[in-house]
Amino acid sequence: MTMVPRFDKPAGRLWPLVLLVLALVFAANCLSAQPQSQSAPAGPPQDQKPPSTEEPQTKITPEQAQQLFRSVDEILKFASKDTKLPIKNPVKRELAGREQVRKFVETHMHEDKDAQRLQRSEASMKKFGMLPQDFDLGKFMLDLLEDQVAGYYDPKTKTVYLLDWVSPEAQRPVLAHELTHALQDQNFDLDKWLKVNGDDQPDNPDNLDTGDDEAQAARQAVSEGQGMAVMMDYVLEPTGHSLADTPSAGEIFKQNTMDHVGDSPIFANAPMYLREMVIFPYTYGLSFLEDLLTRGGSEMAFAGAFKNPPRDTREIMQPESYLDGQHVDPIRLPKLSDVLKKNYVGYDSGSVGEFDVYILLKQYSGAELADKLSTAWRGGVYYLGRKKDSKSPKPGAPTPMSDLGLLYVSNWATPEDAGYFAKVYGLWLPKKYKSVKPVAEQKGHAWTTEQGPVSIEVAGNRVLVMEGFDPATTAAVRAKVLSPSPKSSQWTPLPRRDLAAPVWATLGILH
């Protein structure tokens, strides 16, 4: 985990927000992936509940802390050998307590720019139906961090932070992960690399053609996937094996991760999107790393992935698209500011990637449909506008959904895929809104809800969704986005499972 709070735009996965680690769960699963007859470091304690006022914290002794400090250099050398990334400087180390870690995150979360991003991200997720209307995203992030963090590296201070409440045996595998980030930082300036185009650009919700947040999500998966691979290699080293020659260990690890996430009540009770979002960089990132190891060895998997990073979550989820150079360009929309700014103020905008679509489909239509249709994704962008005559929400307060309008444009591999997605999206509306009534003269294309009108339209391989905007604005945007009709993708889609008719018929999509 790179413990740098990121409150970037929520969609490119609707994405990064705060990047949290489930390293205790991950370390335990790495250890359990070994045959029990093989020696390995002891796993972390099974009971990792947040501290309470009635239950005093157990802290490691000064002697244990010194031993852990000394192990940093040894594990750093292991990570360098494993990744072939050279050590350029010693890594500073510091012991941190729970309050210090929580204060570090809270400080960043309450900075004006980050607080605004978090507030906007929460509003966008709620408008898409990814979060319940009364969900407190900031509190969830802090609670999960306190419950699950097992160590972190901060690129700004060039320091790896060890935790005074976690046993040294549990922290050593995590150190292998975190010191991989230190090597990434020394060789590629990790913080700058993760930001893609830097963080000196002004926040501009009216920029509708950016793909930066998707690229950030993909790069985060590279960074965390590499960390997980080195951690697994560290755990497997006593057996004489590694991830490269024991691919089954990676599969066991990923399955165990999914099986054991329920060990944390905070995580288990979170909305599906957040659960999937938190583990995405680790599980999908590890799978991506494994494919690169198979195709090109350590050079391609580590330094190569930093020099030639994937562009979006599609390339992480389908590594063959990255390896074969089948890139999807971000959607470029016509200038809409003259239309949208008449009655709306830009509130948030960003990309909606393949990962976002996969989770939306899984949440509302099931895993089978998600597996089939998400692979046909070929780009997505959203814009969230707030009514000019509405009051600005106070910092930390939820944004009223009735004040917001959502513009969502997506491209698909074929017009057939676009039509399927449009019909599926229409079936979700009764699950997102309390009151949904079809507009008779536009059956299957328009509805009224308690938060305003909703319309869904298909043109070629493009789908336009408008939610909450007034009819005049919807008509003006439609004319710009869908006229003339966008052309279908010109390149051959990657092989994927057939979108079999019985699947759609079962869901009541085909008429």
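The values are calculated or read from the model by the stated rules, or taken from the named source; none is laboratory data. These figures come from a predicted structure and were not determined experimentally. Please note: Cβ atoms are built from the backbone with ideal geometry, for glycine as well, and neighbour counts cover all protein chains shown.
Descriptive notes on the structure:
- Criterion: surrounded by 24 or more Cβ atoms within 10 Å (Cβ to Cβ) and assigned by TED's automatic domain parsing to the domain that holds residue 133 - qualifying residue of 289, 274: 289
- Subset of segment 273-320 (residues that are among the basic types (Lys, Arg) and part of a helix (DSSP H, G or I)): 275, 295, 307, 314
- Failed condition for residue 408, given (1) part of a strand (DSSP E or B); (2) surrounded by 22 or more Cβ atoms within 10 Å (Cβ to Cβ); (3) among the aromatic types (Phe, Trp, Tyr): (2)
- Residue in segment 397-418 that is farther than 30 Å from residue 139 by Cβ and of a type in the set (Phe, Trp, Tyr) present: yes
- Single unsatisfied condition, residue 328 versus (1) of a type in the set (A, V, I, L, M, F, W, C); (2) surrounded by 18 or more Cβ atoms within 10 Å (Cβ to Cβ); (3) not in a loop (DSSP other than H, G, I, E, B): (3)
To keep it simple, each residue is scored yes or no on (1) aromatic (Phe, Trp, Tyr); (2) surrounded by fewer than 17 Cβ atoms within 10 Å (Cβ to Cβ); (3) modelled with pLDDT of 90 or more.
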position	(1), (2), (3)
56	no, yes, no
68	no, no, yes
73	no, yes, yes
77	no, yes, yes
82	no, no, yes
89	no, yes, yes
92	no, yes, yes
97	no, yes, no
100	no, yes, no
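- The criterion of being modelled with pLDDT under 95 and part of a helix (DSSP H, G or I) holds for residue 113.
- Exclusive hit being more than 17 Å from residue 126 (Cβ to Cβ) and either aromatic (Phe, Trp, Tyr) or part of a loop (DSSP other than H, G, I, E, B) (or both), set 389, 417: 389
- Residue within segment 277-290 that is of a type outside the set (Asp, Glu), closer than 25 Å to residue 467 by Cα and in contact with a helix residue (DSSP H, G or I) (Cβ under 8 Å, 6 or more places away or on another chain) present: yes
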